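Undergrad: Structure in structure tokens, see below.
The values are calculated or read from the model by the stated rules, or taken from the named source; none is laboratory data. Model, not experiment: these values are computed from the prediction. When we count neighbours, we look across all protein chains shown, and the Cβ atoms used for this are built from the backbone with ideal geometry, even at glycine.
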Amino acid sequence: MSTTTIIVAVALGLSAGVLAGLFGVGGGILFVPALVALGLGQLEAQATSLLAILPTVAAGAWNQRRYGNFRPRLALALGLASVAGVGLGALIAISLPEPVLRRLFAVLVLAVAARLALVTYRNRPRYPETP
């Protein structure tokens, strides 16, 4: 990897992280296209995004345990179901041609954007304040 690639990757990661936090969407929606733009295939980008979420999950669980919000049995059930879901999703993803996988991801991005727009529309003030 060249220095330029690393600088672009850091800039894209920082930008995607800020946008994900600002808009309240999962970072994978933004990171996967960024990784594809850096030259990874769609399958590799999605796998990398899934791996990148693990430290966030661990940190979140640790903090929530400190606040008394952590439920071990529920976390175990959710974790096991997630592992099964990732395994099933990976099997489906590797069986699809890359162009189909990209189109499906694009549909997901559009669905997230539509939901974000709908929530924003529903939460708008009904009667704007007058100056």
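Undergrad: If you take the residues in the range 1-18 that are touching a residue at least 12 places away in the same chain (Cβ under 8 Å) and among the aliphatic types (A, V, I, L, M), which one is farthest from Ala45 (Cα to Cα)?
TA: Only one residue fits best here, namely Val8.
Rundown of residues vs (1) among the hydroxyl-bearing types (Ser, Thr, Tyr); (2) closer than 21 Å to Glu98 by Cα; (3) in contact with a helix residue (DSSP H, G or I) (Cβ under 9 Å, 6 or more places away or on another chain), yes/no style:
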{"residue": "Pro33", "(1), (2), (3)": "no, yes, yes"}
{"residue": "Gly41", "(1), (2), (3)": "no, yes, yes"}
{"residue": "Leu51", "(1), (2), (3)": "no, yes, no"}
{"residue": "Ala58", "(1), (2), (3)": "no, no, no"}
{"residue": "Ala61", "(1), (2), (3)": "no, no, yes"}
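Undergrad: It is to be established whether one or more residues within the range 113-131 are of a type in the set (Val, Ile, Thr) and in contact (Cβ under 8 Å) with a residue 24 or more places away in the chain.
TA: no
Undergrad: Scanning for something within 21 Å of Gly87 (Cβ to Cβ), at pLDDT below 85 and in a helix (DSSP H, G or I), does the range 8-21 turn up at least one residue?
TA: No, the range 8-21 contains no residue that is within 21 Å of Gly87 (Cβ to Cβ), at pLDDT below 85 and in a helix (DSSP H, G or I).
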